[in-house]
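Inspection log for the structure reproduced underneath, given as structure tokens.
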Protein chains: 2
Amino acid sequence: MSFLIEPVDRLIREFSKLPGIGPKSAQRLTYYLLKEPDEEASALAEAIQNLKKDIRLCSICFNITDRDPCSICQSKERDHSTICVVEKPSDIAPLERTGKYKGLYHVLHGTINPAQGTTTENLKIKELLSRCQNGSVKEVIIATNPNMEGETTSLYLQRILTPLDITITHLARGLPFGSELEYADDMTLNQAIEGRQKFKQ
Amino acid sequence: MSFLIEPVDRLIREFSKLPGIGPKSAQRLTYYLLKEPDEEASALAEAIQNLKKDIRLCSICFNITDRDPCSICQSKERDHSTICVVEKPSDIAPLERTGKYKGLYHVLHGTINPAQGTTTENLKIKELLSRCQNGSVKEVIIATNPNMEGETTSLYLQRILTPLDITITHLARGLPFGSELEYADDMTLNQAIEGRQKFKQ
């Protein structure tokens, strides 16, 4: 926009490239930083610059880490006999927030999606298999997303893991907390009926 | 969050400080940058760092600028007899996007809001008055926001500008484009009825 000065216009354009940030949000963020003390903008810029310094993937679980193996794989307090398989590193945060899961993780880095050129070869599936073959793993929780690609990947993992003597589970499907039956979609209701559970006594 | 490595956690915290960005968006943005090539993250960081370099306020209209007077105040193609008064620099972008307005601007840098300690003294009101007193200004469009503080400020400006021989106008009030009468609030409908316009022949 020609009436904007270059540094303002440039930051609006850079912010707009981020996912979920449209031109209006980008403008709001830019003008916000203009108003704030220099230190706040610098802290943000530095955090971005430092993001990828010394960052690598854990050679065991392939989560993003600054030391190898990552703190979860190294931890003696975690249950090393359970592996939760997720699609991407950011799927770990919501699971950890629950405080409910004490096992390890395995990050696939994608889902099987031949249309987009992602096959089993591009994912960390071989590595999962070899982790499961060392005898110490008792349960694998497949926590791929409940959508087409996630389900395809889950089916494939079930097939290759079944020959091993391991319990294979998936996260429960059903009505999300706070939802209303009236507005639930057919698929969710189907799964909620199929997976109905007894009241705890 | 202890399971996150420091640089990731730090950027999530920095993003969370921005307006309209909650912890989940901050996490999504951070993992997005982790996945993207280094150049994209660097471009964003640099744009933030450079934002305030050589930036100042235009000594005439008080818009943010990199040269003084700003490009709008300097432009020979703009109508120098009309001034549109806005609350903040970011209010200029939507007006410029319409391509409809060819006059100059004046940025107040706030609204009269005694509860938050903003009085007429803290705003660029003196400066507006002196621009209007030089004889070349024929119309002042008061484009403060249609809310309590904006209206208070508008009333004050009307009062101090009335003694001068200047046309004082405000942006039209009424039903926004795309809205539905059924859901319009009383105030908007009131103003839409009061300001009803004849069809153009």
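Have a look at B:N50, B:N63 and point out the one that is facing another protein chain (nearest Cβ under 7 Å) and either β-branched (V, I, T) or within 27 Å of the chain's Cα centre (by Cα) (or both). Walk me through how you get there before you give the answer.
On the way: B:N63 fails: facing another protein chain (nearest Cβ under 7 Å).
When all the criteria are applied, what remains is B:N50.
The lone criterion from (1) open to solvent by 40 Å² or more (accessible area, probe 1.4 Å); (2) of a type outside the set (G, A, S); (3) out of contact with any Gly (no Cβ under 8 Å at 6 or more places or on another chain) left unmet by B:R28 is number (3). Applying the condition of being open to solvent by less than 30 Å² (accessible area, probe 1.4 Å) and at the interface with chain B (Cβ under 7 Å from one of its Cβ atoms) to the range A:5-17 and asking which residue is nearest to B:N50 (Cα to Cα) yields A:P7.
Regarding A:A47, is this residue open to solvent by 20 Å² or more (accessible area, probe 1.4 Å) and in contact with an Asp or Glu (Cβ under 9 Å, 6 or more places away or on another chain)? Spelling it out, it is not the case that A:A47 is open to solvent by 20 Å² or more (accessible area, probe 1.4 Å) and in contact with an Asp or Glu (Cβ under 9 Å, 6 or more places away or on another chain). Taking the criterion of being more than 13 Å from A:A143 (Cβ to Cβ), free of Cβ contacts under 8 Å to residues at least 12 places away in the same chain and of a type in the set (G, A, S), the residues of the range A:65-116 that qualify are A:S71, A:S75, A:G99, A:A115.
Consider A:L181 carefully, then state whether it is within 30 Å of B:E6 (Cα to Cα), free of Cβ contacts under 8 Å to residues at least 60 places away in the same chain and out of contact with any strand residue (DSSP E or B) (no Cβ under 9 Å at 6 or more places or on another chain). Don't jump to the end; show me each part of the working.
Values: within 30 Å of B:E6 (Cα to Cα): no; free of Cβ contacts under 8 Å to residues at least 60 places away in the same chain: yes; out of contact with any strand residue (DSSP E or B) (no Cβ under 9 Å at 6 or more places or on another chain): yes.
So A:L181 does not fit the description; no.
Taking the range A:18-28 as the range and being out of contact with any Pro (no Cβ under 7 Å at 6 or more places or on another chain) and at the interface with chain B (Cβ under 7 Å from one of its Cβ atoms) as the test, the residues that pass are A:L18, A:P19, A:G20, A:S25, A:Q27. Within the range B:29-39, the set of residues being farther than 23 Å from A:Y105 by Cβ and more than 7 Å from every other protein chain (Cβ to nearest Cβ) comprises B:P37, B:E39.
The values are calculated or read from the model by the stated rules, or taken from the named source; none is laboratory data. Values in this document were obtained by computation on a predicted structure and should not be read as measured data. Note that we place each Cβ from the backbone using ideal geometry, even for glycine, and neighbour counts take in every protein chain shown. The protein model used for the area step is the full one, side chains on, heavy atoms only, and it has no ligands, DNA or RNA in it. Shrake-Rupley method; radii C 1.70, N 1.55, O 1.52, S 1.80 Å.
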